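**Student:** My structure is below; once you've seen it, I'll send some questions.
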């Protein structure tokens, strides 16, 4: 029997939020994220920018969302397009 290894994981916005904020709930998902390529959808990107707009983030913090190496994330989610 062949076993297929899942190499990438599509993160829902709430999981990305936990990672970005350093929320302890992110630990619940750590086992599923280890040794995987973390990806996010276009909708998650839009929700993150909406989140920043609602909270009146400054230009510097918003630019951290543009940079894939978001500050605060233990693992850096990657965007599937450029």
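Just so you know, all these numbers are worked out from the coordinates, no wet-lab data involved. Just so it is clear, the model here is predicted, and its values are computed rather than measured. Cβ coordinates were reconstructed from backbone atoms using ideal geometry, including for glycine residues, and neighbour counts include every protein chain displayed.
**Student:** Taking Cα pairs under 8 Å and at least six residues apart, what relative contact order does segment 8-74 come out at, in percent? Could the numbers behind the result be given before it?
**Tutor:** Working: 49 pairs, mean separation 30.7, N = 67.
Relative contact order for segment 8-74 comes out at 46 percent.
**Student:** Points 7 angstrom from Cα along the Cβ direction at residue 21 and residue 55: gap in nanometres?
**Tutor:** My value for the distance between the label points is 0.7 nm.
**Student:** How much length would be gained if the chain were fully extended between residue 36 and residue 62, taking 0.36 nm per residue of separation minus their Cα-Cα distance, in nm to one decimal?
**Tutor:** Details: separation 26, 0.36 × 26 = 9.36 nm, distance 2.59 nm.
That works out to 6.8 nm of additional length.
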